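Comments concern the structure below.
The values are calculated or read from the model by the stated rules, or taken from the named source; none is laboratory data. In this text, all values refer to a predicted model and were calculated from it rather than measured experimentally. Cβ coordinates were reconstructed from backbone atoms using ideal geometry, including for glycine residues, and neighbour counts include every protein chain displayed. Please note that ligands, DNA and RNA were not included when accessible areas were found on the heavy atoms of the full protein model with its side chains. Shrake-Rupley method; radii C 1.70, N 1.55, O 1.52, S 1.80 Å.
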Amino acid sequence: NNEKSVPQLLISDLKFEKSLAKLMFSPDQENHPSKAPVKYGELIVLGYNGSLPNGDRGRRKSRFALFKRPKANGVKPSTVHIACTPQAAKAISNKDQHSISYTLSRAQTVVVEYTHDSNTDMFQIGRSTESPIDFVVTDTVPGSQSNSDTQSVQSTISRFACRIICERNPPFTARIYAAGFDSSKNIFLGEKAAKWKTSDGQMDGLTTNGVLVMHPRNGFTEDSKPGVWREISVCGNVFSLRETRSAQQRGKMVENETNQLQDGSLIDLCGATLLWRTAEGLSRTPTLKHLEALRQEINAARPQCPVGFNTLAFPSMKRKDVVDEKQPWVYLSCGHVHGYHNWGNKEERDGKDRECPMCRSVGPYVPLWLGCEAGFYVDAGPPTHAFSPCGHVCSEKTTAYWSQIPLPHGTHTFHAACPFCAHQLAGEQGYIRLIFQGPLD
């Protein structure tokens, strides 16, 4: 098996047609009349390749667009009351007014009333399906193909996890705050929650498992680099991380950073991580049409299995969970792409390792899947690389970016994961360059 004698094809060698450039950008700007609602941005849950396993339904879906509301529903802090008993605190916080209650002891509660703000819109995110929640988020189970896999897990996501406040006027700044208001318009921080009085006499606090945010450096582009994870307080202040997720002691306040979201900011709710994309950022992102054109372009080059000589083809984006007979498979140790075959099993490790017939390197052998969630792509490059060990395929710069990002896992660890399925990345880099063989004729 002399490797050099076989014509090899890297997808980056393909000449991509100019027509693809036209498909690259979202058609949003062109064909909507000026009355189209203003889009502030979108939240995309990591670990889902374009939709939830059992389909997107209502407020429970893999991505959520935030549009300017017909009428402002934002709130801002106003009066502070110090109540001597919890009963008095209850009396102060009336059902028609938003308020945050900070229980300092059995003898003292501070209630901060919030008043209507006509300049902002508020969106709330959490596990609860009650009406104040705009976007219902459940725990992400890596690689799970159905919701039945996810229901047995005790959730660590708060019922009213966080809220995002967007300015209704340009530049439509979005800011994130820990905790959301419940059905009686209340946020209640009990005795055990970390809370404190700020230097200007206001109250602030953290939620049980916290809301973590990471802003990438250089925006969400092919030059992006991971930023530093921070914790956001109930009042939107920025802190270094606690020792563990729910430790009583807060981190240090980071004075020179803000809770303002930027394109590519990651929000971790302890059980699910969301990517924030601004409307402007999304307009520079490849569209599904572009990804589909790239898929057809690869398939048109008729890559072949170097052993069976059968033509390989990526299945359509709609069939993204069923292994197709023409599906390309890859040896993760070397990147050689084949069709499925049954030989080369190694006895060690439950037969999971296989020997590549091209170069004899031994490692996992997995089917390749196209990454269909365009919002995760940092550029519009061709799908030349795959994450390891899951086999999700996207552009080189996209695999390089996500493989550097430490995503929170559990209460105190971090690891890199595939954005399309949330599987922890393995191997030296966490991804591999694909080597396709071109047709012999």
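Remarks
- Cα-centre dipole for the chain with unit charges at Cβ (Lys and Arg positive, Asp and Glu negative), debye to 20: 920
- Among ASN186, ASN237, ASN94, the largest mean-square fluctuation in a Gaussian network model of the chain, built with springs joining Cα atoms closer than 10 Å, belongs to ASN94.
- Counting protein heavy atoms only, region 288-433 has 50 percent of its accessible area on carbon and sulfur, 1.4 angstrom probe.
- Pairs spanning more than 24 Å between alpha-carbon atoms, out of LYS289/LYS318; LYS90/LYS197; LYS68/LYS197; LYS252/LYS397: LYS68/LYS197; LYS252/LYS397.
- The calculated 222 nm mean residue ellipticity attributable to helices in the chain amounts to -2500 deg cm²/dmol, summing -39500 (n - 2.57) over DSSP H runs of n ≥ 4 and dividing by all residues.
- Gyration tensor (alpha-carbon) shape descriptor, region 165-250, a/c threshold 1.5: oblate
- Carbon-plus-sulfur accessible fraction, region 123-263 (probe radius 1.4 Å, protein heavy atoms only): 45%.
- Signed unit charges on C-beta, dipole axis of the chain, positive-most listed residue GLN437, ALA179, SER62: ALA179
- A straight line joining the Cα centroids of region 35-112 and region 377-433 runs 32 Å.
- Separation of alpha-carbon centers, region 159-190 and region 243-276, rounded to whole Å: 14
- Shape category assigned to the chain from the gyration tensor of Cα positions, a/c cut at 1.5: prolate
- Overall, region 288-433 carries a charge dipole of about 240 debye about its Cα centre when +1 sits on the Cβ of Lys and Arg and -1 on the Cβ of Asp and Glu, all other atoms neutral.
- Solvent-accessible surface of the chain, taken per residue with a 1.4 Å probe and all protein chains present: 48 Å².
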